[in-house]
Amino acid sequence: KYSLGFFTMLMEIDFSMQRGLDFFYPGYVVPGYPRFDYKLRIGRLEDIEYYDLGHRGWQPYTRLSSSDVPLTKMEARLEALQQFLLNNNLWSQKLYYPLFEANLFGFWHAPYLDYPVFLLCSPRLQANNYLMTVYDPREDNYQLIRCSLFDDLQFYFNEAYTDSFDRRKHFLELVVIEDLLASSPSPADILQSF
């Protein structure tokens, strides 16, 4: 009747209650990705909160609209910027970046790109450099950045993992941010920085 994840979560709640704890953190959910939605089954929905990146505070989960989900907001803003760039004769390609969690797994302290989607704004500048634009939902702005390859991709991600993605839609090179070239909520300001 219950999944292993739900069952173990109930056991953790029981363990916490036996020790007189007042709160239990079940971990995160990812709106739009139902794999973790079982965590929403505990308690009353009106008691569940989400962290609003823009307001830097907790809000009732029932008020979360799909347009406020960070990935959805990033996609919408990048699509708008891509159209703006196209209207100004600049090429870009929206790519998903499944390696955005490298900071969570890395042994080397490096400024890894940590955005799940971005616009690739140029072909390779040199052998290993890329011009990219991201949308930062925490700051509500675009960032034009120059990134370079991090040589040891296989150190963090195995080949079977990276081979599972369509390279036409996903960027599968581990990169680090070299320079922040521009930061602005205005597409026109980003355009001026090219």
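Can you tell me which residue within the range 13-54, out of those that are of a type in the set (Ser, Thr, Tyr) and surrounded by fewer than 12 Cβ atoms within 10 Å (Cβ to Cβ), is farthest from the chain's Cα centre (by Cα)?
Top of the filtered list is Tyr25.
Only one residue in Leu81, Leu64, Leu99, Leu53 is more than 25 Å from Asp37 (Cα to Cα) and hydrophobic (A, V, I, L, M, F, W, C). Which one?
After applying the criteria, what remains is Leu81.
Report the residue count in the range 84-104 for those that are within 30 Å of Ser164 (Cβ to Cβ) and among the polar types (S, T, N, Q).
3
Six or more apart or on different chains, Cβ atoms under 8 Å: show the pairs whose first residue is in the range 171-192 and closer than 16 Å to Asp114 by Cβ and whose second is among the β-branched types (Val, Ile, Thr) and not in a strand (DSSP E or B).
The qualifying pairs are Leu172/Thr162.
Can you find even one residue in the range 1-22 that is out of contact with any Leu (no Cβ under 7 Å at 6 or more places or on another chain) and under 26 Å from Arg138 (Cβ atoms)?
Taking every residue of the range 1-22 in turn, none turns out to be out of contact with any Leu (no Cβ under 7 Å at 6 or more places or on another chain) and under 26 Å from Arg138 (Cβ atoms).
Could you list, in sequence order, all residues of the range 86-108 that are in a helix (DSSP H, G or I) and surrounded by fewer than 19 Cβ atoms within 10 Å (Cβ to Cβ)?
Of everything in the range 86-108, those that are in a helix (DSSP H, G or I) and surrounded by fewer than 19 Cβ atoms within 10 Å (Cβ to Cβ) turn out to be Leu86, Asn87, Asn103, Leu104, Phe105.
I want to confirm something. Restricting to the range 32-76 and keeping residues that are aliphatic (A, V, I, L, M) and not in a helix (DSSP H, G or I), which single residue is farthest from Pro98 (Cα to Cα)?
Among those that are aliphatic (A, V, I, L, M) and not in a helix (DSSP H, G or I), it is Ile42.
Taken together, the values in this text are just the output of simple stated rules run on the coordinates, not laboratory data. Since we're looking at a predicted model, the values are computed, not measured. Methodologically, a virtual Cβ is constructed for each residue, glycine included, from the backbone with ideal geometry; neighbour enumeration extends over all protein chains shown.
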